[in-house]
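Data block below; observations after.
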Amino acid sequence: MSADPIKLLKERGFDKSKWMQLPRDVVIGHDVIGQVPSVCEDLKLGSSALLISGKGTMGLAGERVRQALGNDCEVKVLIAEEISPSVIHQAEKAASDADFLIGVGGGRVIDTAKIASYNLDRQFISIPTAASHDGIASARASVPTGEGNASLEAQPPIAIIADTGIIASAPHRLLAAGCADVISNYTAILDWELAHRVKGEPMSEYAIALSKMTAEILVENAQIIKPHMEQSARFVIKALVSSGVAMSIAGSSRPASGGEHKFSHALDRLAPGKALHGESCGIGTIVSMYLHGGDWRSIRTSLREIGAPTTPADLGIDDAVAVEAILMAKTIRPERFTIFDMGITRESAEHLVQMLYAE
Ligand SMILES: [Zn+2]
């Protein structure tokens, strides 16, 4: 076991640029949570598991997973209310004699399972209870560090079981945030292409094509994303999985994370707890799309149609804080070159906020 699970994650980050690690089983549909045993059997995952869940999500879904596994699998439960190095430690310890891990819940729970399973070299199953961001299917994990959150490379889930009944009953705000995370693929790709032209950064055409297509399908069907409908939940889950696969193909988060994500991380630091990940990414996408000379108005229209916020005020954040976030964006993960590196000044940031978030 490591002294510092997050440090280990960084140290073990072998060159994955030639690796494509993909989920094997993706099960999406009504009541599919009962199919956990079939998935475990199909993937020969073993006979003992650590199930990580949250307090609320355990009652909502975790308990059903435990019951479904019944006598076939010895299940230990860990309730993780937050993600932190000590919780990850706890998970690693609890899973030391388990064959595999299961994360049942939101982003924090799934990321805890993702990091602990990666550090222990075991597989994990992702069972999201909401469709709020693409981390449910990707290799990336968001972990707290001294200065805000960092996004690190771990491993993708071996299986994703997305029960649309459970996901549709989650607050619509979460689903709308998931959509905004997918819509941000548009500007993530433009940033990647920019970095390719300016810095010679290698690109993956396949990852770009998939990521772009995913965002396009979502935007073209924005009118069917409605609160508490299983059909909508299914649609968004497929898009999030598809984004996760694009990242797996790239071997990095580049196809789904550019300047708009750096803006989102900056906003997280400046106004912690105000916005969901996808929400601040959506707001950042509007700025980034404008800077790229693209159709930022149609991005805004799609976000509105889905019910995602489009201005800092929608999130209860002052315009002045958004200005600081635009300026801070380039300092976050500075090796990732984006449009925010192209000479934004305080005056231009103020002008952007005034113009783009006025209505
Ligand atoms: Zn994201």
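The values are calculated or read from the model by the stated rules, or taken from the named source; none is laboratory data. Owing to the predicted nature of the structure, the values given are computational and were not obtained by experimental measurement. Neighbour counts run over all protein chains shown; Cβ positions are idealised from the backbone, glycine included.
Picking from Ala141, Ala162, which residue would you name as being crowded, with 24+ Cβ neighbours inside 10 Å, modelled with pLDDT under 95, of a type in the set (A, V, I, L, M, F, W, C) and not in a helix (DSSP H, G or I)?
Ala141
Only one of (1) polar (S, T, N, Q); (2) modelled with pLDDT under 95; (3) farther than 28 Å from Ser242 by Cα is not met by Ser48, so which one is it?
(2)
Give the residues of the stretch 208-236 that are farther than 19 Å from Ile160 by Cβ and of a type in the set (A, V, I, L, M, F, W, C), sorted by residue number.
Ile208, Ala209, Met213, Ala215, Val219, Ala222, Ile224, Ile225, Met229
Quick check on my filter: what residues within the stretch 327-354 are among the acidic types (Asp, Glu) and surrounded by 14 or more Cβ atoms within 10 Å (Cβ to Cβ)?
Across the stretch 327-354, the qualifying residues are Asp341, Glu350.
Of these, Val65, Val104, which one is more than 26 Å from Ala308 (Cβ to Cβ) and of a type in the set (A, V, I, L, M)?
Just a single option satisfies the conditions, and that option is Val65.
Yes/no per residue for (1) of a type in the set (Gly, Ala, Ser); (2) away from the ligand (no atom under 16 Å from the Cβ); (3) over 16 Å from the mean Cα position of the chain (by Cα):
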| site | (1), (2), (3) |
| --- | --- |
| Arg122 | no, yes, yes |
| Thr129 | no, yes, no |
| Ser132 | yes, no, no |
| Ser138 | yes, no, no |
| Ala141 | yes, no, no |
| Glu153 | no, no, no |
| Pro156 | no, no, no |
| Ala162 | yes, yes, no |
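As an exercise: evaluate Lys262 against (1) outside any loop (DSSP other than H, G, I, E, B); (2) more than 19 Å from Glu350 (Cβ to Cβ) and give the number of the one condition it does not meet.
Every condition holds for Lys262 apart from (2).
Does any residue of the stretch 289-312 turn out to be within 12 Å of the ligand (Cβ to nearest atom), crowded, with 19+ Cβ neighbours inside 10 Å, touching a residue at least 60 places away in the same chain (Cβ under 8 Å) and assigned to a helix (DSSP H, G or I)?
Checked against the condition, which is being within 12 Å of the ligand (Cβ to nearest atom), crowded, with 19+ Cβ neighbours inside 10 Å, touching a residue at least 60 places away in the same chain (Cβ under 8 Å) and assigned to a helix (DSSP H, G or I), the stretch 289-312 yields no hits at all.
Here is a check on your reading of the model: is Glu201 closer than 28 Å to Tyr118 by Cβ, among the charged types (D, E, K, R) and modelled with pLDDT of 95 or more?
Numbers: closer than 28 Å to Tyr118 by Cβ: yes; among the charged types (D, E, K, R): yes; modelled with pLDDT of 95 or more: yes.
So Glu201 passes the test.
Being in contact with a Gly (Cβ under 7 Å, 6 or more places away or on another chain), touching a residue at least 12 places away in the same chain (Cβ under 8 Å) and in a helix (DSSP H, G or I) narrows it down to one residue among Ala177, Ala207, Ala239, Ala215; which is it?
Result: Ala177 is the single residue among Ala177, Ala207, Ala239, Ala215 that is in contact with a Gly (Cβ under 7 Å, 6 or more places away or on another chain), touching a residue at least 12 places away in the same chain (Cβ under 8 Å) and in a helix (DSSP H, G or I).
Of the conditions (1) more than 16 Å from the ligand (Cβ to nearest atom); (2) under 16 Å from Val182 (Cβ atoms); (3) free of Cβ contacts under 8 Å to residues at least 40 places away in the same chain, Gly200 fails just one. Which one is it?
Of (1) more than 16 Å from the ligand (Cβ to nearest atom); (2) under 16 Å from Val182 (Cβ atoms); (3) free of Cβ contacts under 8 Å to residues at least 40 places away in the same chain, only one is false for Gly200: (2).
So, of the residues in the stretch 268-284 that are assigned to a helix (DSSP H, G or I), modelled with pLDDT of 95 or more and farther than 21 Å from Phe235 by Cα, which turns out to be farthest from the ligand (Cβ to nearest atom)?
Leu270
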